[in-house]
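Beneath this line is the structure, given in C-alpha cells, with notes to follow.
The values are calculated or read from the model by the stated rules, or taken from the named source; none is laboratory data. Quantities reported herein were computed from a predicted structural model and do not represent experimental measurements. Protein only, heavy atoms only, side chains kept; ligands, DNA and RNA dropped before computing areas. Shrake-Rupley method; radii C 1.70, N 1.55, O 1.52, S 1.80 Å.
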Amino acid sequence: MFACCRATKRLCWGKLLYIHLVQTRSLSGADAGHALRPFYFAVHPDFFGQFPREREVNENSLKKLNGYLENLQKPGLRSHKPAKLTFYVRETVQNSENDQESTRDPGFRTVSFTLESRDLLSTVLGILNSCSMSTDHVRSATDSVGSTKTATSSFYRPIKWDKTFYSFTGYKDPEEELEQAQKAEITIISWIQSNHKVAQKKLNNSIPLREELERLKKELSDELQLSNVRWQRSWGIAHRCSQLHSLGRLIKHDCESLKMAKGHTVIFTDQTGMSAAGHLMLGTMDVHYHWTKLFEMLPSYYVLQRKLLQLQDRISHLLGGIEIVHIEELQPLLTMEEHYTVLDSFCKKLLDRRVPIHPRSLRGLQMILENDRFVPRLHEMGYFIIPVLCDPPSLHWFLLTHAQKAREKLKRKDELKIKEQELTKACKDSASLSRLYKEPSVSCEQMINCCHRLIEEPLPNLMGMHLCVSHYYSVLQDGDLCIPWNWKS
C-alpha cells in the first residue's frame, strides 16, 4: 500500500490534471445506454406496430446506431465512417389541469442526423439534441464520473422511479408501456375478425391500382428490356405506380441514354447509383437529372464492376476459394463505390499479413463483409459474416474451425428453402389466399413454423386475401394483412 502511495506522489501534477479531465469527459457504455433511454423509448420499433414502414426505418437505423456506438468503444480505433440516420420519433405532449398532469400520444415526427463524432459523450449529446430531448441527465452523469476518487472504480446507479410516482403524477411508466407493447397477446382469430372488413375494403379499392402497376412494369420492362423492377421498401401501390410513371416520362424525353439499362434490374430506393450487386438504383427523392446521369455513367460503372470482380477473385484466392457475396436481406443496400472501398481495404489487410490457406480448402463457402462488427460469426443460413477490421490470423482460425459447420448449414439452407416454398404453396391453396408472402426479416424456419400451424389450424375470413407473415399485426394501406409468424391461437 505504501509503495502505491509513493508511486502516486511521483506522478506529476500535469498527468493528474489530464486524468481528471479525461474522467470528467468520459462516458462508459452503460452510461451511454442509460443516457439514451428516453430516445430508445421514443423510437422503439415495438411502438410502431400499426406503421410497418416507420417500424422498418427505425429498426434499420437502430442497427446502424448500435454499430456506431460499439465502434466508438472499440479500443485503439482510429478511423470510422460517418453514419446518416433517420428516425420516426413518437411525440408525447403534456397537459396540466388542476395540478394534474397527463400525457397523450398524438403521433410521430421525422428526425434525421449524421453521426461524425469520435467521442461517445459528444455522440450521445448530439442524438438527444437532434431529437429535442433534455441532456441534463447526461451532464449530471459525467459530473458524477468526474467526482470519483479513482479512474478505475466508479459507483453507477441509474435513477428508477417508484411505481407510486407514475400513479400520483399521471405520467406513463415507460418501462411498463414498453413491456405491454411487447407482451400484449392478441389472438389471431379475434384480430382477423376485427380487421377483416377494413382489410377487404382496402384490398378491393387497391385492385385497379395493382392492375395498373403490373401493366406499367411490363411496359417499361419490355421497352427498356429490363431483367426486373423492384422496390427496396414496402411502399404502397399508389406510390409505386407514381414512380413508374415518372420513369415512363423520362423515357419519352431521353430514350437513347436509357437504352443502356438493357438487361439490368432497376431498384427504386433512397439513393441513385449502381448497387454492389450491379443493379440500377433510382432514388425516389431525386429528380430526373440524377437518373439520367446514372444511365449516362453506366460505361464507367462497367469498368468499376470489372475491377470489383477482380478484387473479389483476389480475396477469394487469398482465403482458400471462399466466395464473397452481398445479400440484401442481411446487409444495407450499398453502392458499388462503397462496396469497392470495403473490399479494397480488406484486401490490403490480407496482403499485409498473409496467412497460409490452401487455395481450394474453402471452396463452396460464402462470406459477407461488414463494416460495423468486430467479431466474426457464422449465420444460421451458413454465411460467414466477417468484419473488415478482423485480424487475418484470427480470421484464418475462425474460417477453418467453422468450415464444416458452414457446409452443413448451407446444405440445410437449400433444404429449408425448398420446404418453405412447398409449405407456402400448400398453405396458400388450403386457405384460398390470393397471395402469401413473408417479410425479409422472417427466417425460413419461422415461415415454415407459421405455415405448418396455418394448415393445422385453418383461419376464417382469409379467402382471396393477401397475407404477409411478419413480426407484428397490421393492416397495410392496400389491404394486406400482416400477422406475426408466432401468432397466438
Å² per residue, accessible surface of segment 393-479 at 1.4 Å: 53 Å²
Relative contact order computed over segment 236-385 (Cα-Cα under 8 Å; 6+ residues apart), in percent: 19 percent
Kindly give the semi-axes, whole Å and largest first, of the ellipsoid equivalent to segment 224-278, taking each as the square root of 5 times a Cα gyration tensor eigenvalue. 18, 16, 9
Could you pull the accessible area for Asp429 with a 1.4 Å probe, rounded to 10 Å²? 90 Å²
Per-residue HN-Hα couplings for segment 241-250, Karplus 6.51 cos²θ - 1.76 cosθ + 1.60 at θ = phi - 60°, whole Hz, x for Gly and Pro? 4, 5, 5, 5, 4, 5, 5, x, 5, 5
Reported to the nearest 10 Å², Leu330 has, with a 1.4 Å probe, an accessible area equal to 60 Å²
Ranked order, Val325, Val469 - accessible area, probe 1.4 Å, largest first: Val325, Val469
Mind listing the Cα extents of segment 327-462 along all three principal axes, in Å, largest one first? 62, 32, 21
Would you mind getting the accessible area per residue of segment 196-310, heavy atoms of the protein chains only, 1.4 Å probe, in Å²? 53 Å²
On the protein heavy atoms, probe 1.4 angstrom, tell me the percent of accessible surface of segment 195-297 carried by carbon and sulfur. 53 percent
Using only alpha carbon pairs under 8 Å that are at least six residues apart, calculate the relative contact order of segment 187-324 and give it in whole percent. 17 percent
